[in-house]
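> Before anything else, here's the structure in question.
The values are calculated or read from the model by the stated rules, or taken from the named source; none is laboratory data. Keep in mind the model is a prediction, meaning the values are calculated, not measured. Cβ sites come from the backbone with ideal geometry, for glycine too, and all protein chains shown count toward neighbours. Heavy atoms of the whole protein, side chains included, go into the accessibility calculation; ligands, DNA and RNA do not. Shrake-Rupley method; radii C 1.70, N 1.55, O 1.52, S 1.80 Å.
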Amino acid sequence: MKRSLENIKVAFQALFLNKLRSFLTMLGIIIGVGAVIIIMAIGSGAQSSIVSNIQSMGTNLLTIEPGRDTTRPGGGPVEFNRNSTPTVRGDLYLSDYKALKNASTLTGAAAIVQRSSTVTYMGVSESVSILGATDDIFKIRNYKISSGNFFNESNVSNSSNVAVIGQQIIDDFFGRIDPIGETIKIDKQNFTIVGTLQSLGSNAMGQNQDAIIIIPVTTAQNKLYGLSTVNNIIAQVKDESLIDQATSEITSILRQQHHILSGKLNDFEIRNPSQMLETMSSVTNTLALMLAGIAAISLLVGGIGIMNIMLVSVTERTREIGIRKAIGAKNKDILTQFLTESIVLSITGGILGIIFAVVISFILSKFAGINTAITATPIILALSFSTLIGLIFGIVPAMRAARLNPIESLRYE
Amino acid sequence: MDKKIIEVKDITKIYKIGDVQVRALRGINLTIHQGEYISIMGPSGSGKSTLMNILGCLDTPTSGTYYLEETNVEKLNDNKLAEIRNKKIGFVFQTFNLLSRSNIINNVELPLIYSSKNNTKDRRLRIMDSLRAVNLTGWEKHKPSELSGGQRQRVAIARALINDPAIILADEPTGNLDSVTGEEIMAIFQKLNQEGRTILIVTHELDIAMHTNKIIYVRDGLIFKEEKVENPIDAFKKLAEMPRLEDRLN
């Protein structure tokens, strides 16, 4: 006990004797540890915001999209989810939505048309994303009304020119005017604003969810875009545990609707939010892992720096080693002393690296708006890793010190 | 007769430097008893340093037997030798060999660190006893560089005493000191010997050797002559006779 305390004291004395040299040696470890923690903090920060976003969208929602031709090699956009079943090209219609709406495993469904249009009010024009939807969207997406009302089923069946607008639209067009009852032009057609949404913030992909105008899906199809199809259908499953059942029920309903013979591929695709979550997580995980790998290399380089300086230190202190051995230090004692020194060097570097990382993460989240989350895992990981590095790269110099011949060491000038 | 501290029989040491064999010791027989005060003299290259290293368990002989207080030393491994050096031998070197970064207390304490048997309170007492034995108190927190040569050598002697060794081996202990300071160191050795300690001094100054009770002359790796000193110099008396700077200034 006394001996290890003495070792640690001697180690710190040696470090303080050559402050600049010790600091430069530690710099490799400081940067390495700091980089690992910052990268992991940014990674888990991004991940937790993605997870909470996707979860807030509802983990019991299935998105049904029209099929893309996945059988053609190189065809279609990059697969978001490589495990999805192959599909052929197809379309979704309002009739599909009506068929799905009363499925036994679902509490409801909503059909969606999404486009961008020019919106004009009092001479101000802007391109805004328009969400054409059935009235169930408000319940399914968990939208909350700020003022006025949502549009209703009869608005949808009558293709009424009514609109519910997000907070960003209010800010952009109306300022302090109450928008309820006002008329705006969407692609030269007049729409009456019946309600406003509470603010939603940004979604997982960083899009502003408040810059949105929701109108009846039929109005969007017939009056604005001349469509007979819908972009996708959102289905709300009764319970998360029923997701697989719901998927097969939707599949059979839609295959029936589309008259797909058995043995033929689906012309639609059902996406599961937990799959989305997994895909997003795996992307961020891979990124974090790659960057952590780079940081680990920097730690390795730091370790080599420590080994280098420890070899110098052993040579410089040959005489001290000789004295200690003459007085009764065993090889083991000298080994422990120098090993302690390299570990103290690397742990000090590690701790400084952690402090550095915490400060940088704080600055990043405070001033750069990057979400960071420092967790215990990378700190423990970095500390044990730097200890390990001190141990591994300290062993060669320490063994060299331990093996020195006391007579020759005492004669060393 | 007092008990034997050191008994070496027919010790040889052969160094191999490349293809050349150097026979540093060619059969040394030597017995040192408890309480003896001996000096070893010899020209450089005579093998006295090699003998000193072997007696101090820093080196092992090529052949021959070496008993240190009933322990057969010549066959021990490095760890056992380190333990013997720690517990049974007190080294005093020409160049003091103190740890420059540690204060006086820590320097004197050093052998205790490697023997790990005393509690802190006991240690403190032993350190203070050792420093008192060499007349050096009040400097505990200072670094060796803040002390004079004579004071540093006294720290080294205090360090050698701390584990209550069987023998004190001093290699040219006055070689780096002026004559007055050297005489002060010899006075400390004389006092320690009078208290019953066994002391062996290696020197090439006859003046220093004449303080001891017996001189062993080494030449060409052999003991050339052993000689009892009839009237050893009394360091205290000599010190009193030496001209003192303070006296001259007054």
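> For peptide B:93-99, compute the average count of partner chain beta-carbon atoms within 10 Å of each residue's beta-carbon.
4
> For B:Lys143, which lysines qualify as cross-link partners when the Cα separation must be under 16 Å and same-chain residues fewer than eight apart are set aside?
A:Lys9
> Computed on protein heavy atoms with a 1.4 Å probe, what is the summed buried accessible area for the chain pair A and B, in Å² to the nearest 100?
2300 Å²
> Provide the descending list of Cα extents for the protein assembly as shown along its principal axes, expressed in whole angstroms.
Extents along the principal axes, in whole Å: 135, 66, 41.
> By average Cβ neighbour count within 10 Å, what is the ranking of A:210-217, A:44-51 from highest down?
Going from most to least packed, we get A:210-217, A:44-51.
> Next question, about the same structure. What is segment A:110-236's relative contact order, in percent, from Cα pairs under 8 angstrom and six or more apart in sequence?
36 percent
> Then there's this: Give the calculated FRET efficiency between A:Arg89 and A:Leu391 to the nearest 0.05, with a Förster radius of 60 Å applied to their Cβ-Cβ distance.
Once rounded, the FRET efficiency stands at 0.50.
> Could you work out the mean count of beta carbons from other protein chains within 10 Å of each residue's beta carbon in B:48-55?
That works out to 1 on average.
> Find how much the distance from A:Leu381 to A:Lys185 grows on full extension, using 0.36 nm per residue of separation minus their present alpha carbon separation; answer in nm with one decimal.
Net length gain for the segment: 64.8 nm.
> Among A:Gly322, A:Ile253, A:Ile270, whose Cα projects farthest towards the positive end of the dipole of segment A:225-382, with charges put on the beta-carbon of Lys, Arg (+1) and Asp, Glu (-1)?
A:Gly322
> Please enumerate, by chain and number, the aspartates and glutamates with C-alpha under 16 Å from the C-alpha of B:Lys191, excluding those fewer than 8 residues away in the same chain.
In chain and number order, the partners are B:Glu36, B:Asp129, B:Asp164, B:Glu183, B:Asp234.
> Please state the charge dipole magnitude for the protein assembly as shown, taken about the Cα centre, from unit charges on C-beta atoms (+1 on K and R, -1 on D and E), reported in debye and rounded to the nearest 20.
Working: 68 positive and 62 negative charges, 246 e Å.
Result for the protein assembly as shown is approximately 1180 debye, rounded to the nearest 20.
> Quick one, could you list the DSSP H helices from chain A stretching 20 Å or more along their long axis (Cα atoms) with average Kyte-Doolittle hydropathy of 1.6 or above?
Long hydrophobic helices here: A:376-402.
> Still on this model: How do A:20-32, A:330-342, B:213-225 rank on mean C-beta neighbours within 10 Å, highest first?
A:330-342, A:20-32, B:213-225
> Could you rank the peptides B:198-210, B:5-17, B:162-174 by their average count of other C-beta atoms within 10 Å per residue, with the highest value first?
Ranked from most to least packed, the peptides come out as B:162-174, B:198-210, B:5-17.
> Where does segment B:158-250 land on Rg/Rh, using Cα atoms and the Kirkwood Rh?
On the way: Rg = 14.7 Å, Rh = 14.6 Å.
Taking Rg over the Kirkwood Rh, I get 1.01.
> Non-local amide H neighbours of B:Val22 (under 5 Å, H modeled in plane, Pro and chain starts lacking H): which ones?
B:Tyr15, B:Lys16, B:Ile17
> How would segment B:125-205 be classified by its alpha-carbon gyration tensor: rounded, prolate or oblate, with rounded meaning a/c under 1.5 and the a/b versus b/c comparison settling the rest? Write down the numbers at each step before the final one.
Values: a/c = 1.82, a/b = 1.08, b/c = 1.68.
It comes out oblate by the Cα gyration axes.
> What aspartates and glutamates could a cross-link reach from A:Lys101, if we take a straight Cα to Cα line under 18 Å and drop same-chain neighbours fewer than 8 places away?
Output for A:Lys101: A:Glu65, A:Asp91, A:Asp135, A:Asp136, A:Glu153, A:Asp239, A:Glu240, A:Asp244, A:Glu249, A:Glu269.
> With everything on Cα atoms, drop me the angle between helix B:179-194 and the longest principal axis of chain B, reported from 0 to 90° to the nearest 10.
Taking the Cα atoms of chain B, the angle to B:179-194 is about 70 degrees.
> Strictly over 18 Å apart at the Cα level, which of A:Lys139/A:Lys238; B:Lys4/B:Lys225; B:Lys75/B:Lys225 would you flag in this model? Write down the numbers at each step before the final one.
Numbers: A:Lys139/A:Lys238 13 Å; B:Lys4/B:Lys225 20 Å; B:Lys75/B:Lys225 28 Å.
Going by Cα-Cα distance, B:Lys4/B:Lys225; B:Lys75/B:Lys225 fall outside the 18 Å limit.
> Pairs to check: B:Lys16/B:Lys87; A:Lys332/B:Lys80; A:Lys98/A:Lys188; A:Lys185/A:Lys223; A:Lys332/B:Lys121. Give those whose C-alpha atoms are more than 19 Å from each other in this structure. Provide the component values of the computation, followed by the final result.
On the way: B:Lys16/B:Lys87 31 Å; A:Lys332/B:Lys80 12 Å; A:Lys98/A:Lys188 30 Å; A:Lys185/A:Lys223 13 Å; A:Lys332/B:Lys121 26 Å.
Flagged as over cut-off: B:Lys16/B:Lys87; A:Lys98/A:Lys188; A:Lys332/B:Lys121.
> Along the charge dipole of chain B, Cβ charges K/R +1 and D/E -1, which of B:Ser145, B:Cys57, B:Asn86 sits furthest on the positive end?
Farthest along the dipole direction, towards plus: B:Asn86.
> Once every DSSP H run of n ≥ 4 in the protein assembly as shown is given -39500 (n - 2.57) and the sum is divided by its residues, what mean residue ellipticity at 222 nm do you get, rounded to the nearest 500 deg cm²/dmol?
Roughly -14500 deg cm²/dmol at 222 nm, from the helical runs in the protein assembly as shown.
> Further question: In debye to the nearest 20, how big a dipole does segment A:110-236 give about its Cα centre with +1 on each Lys and Arg Cβ and -1 on each Asp and Glu Cβ? Each step should come with its number before you reach the end.
On the way: 8 positive and 10 negative charges, 33 e Å.
I would put it at about 160 debye.
> At 0.36 nm per residue, and after removing the present C-alpha to C-alpha distance, how many nm does the segment from A:Ser147 to A:Ile177 gain when stretched out fully?
That pair, A:Ser147 and A:Ile177, stretches by 9.5 nm at full extension.
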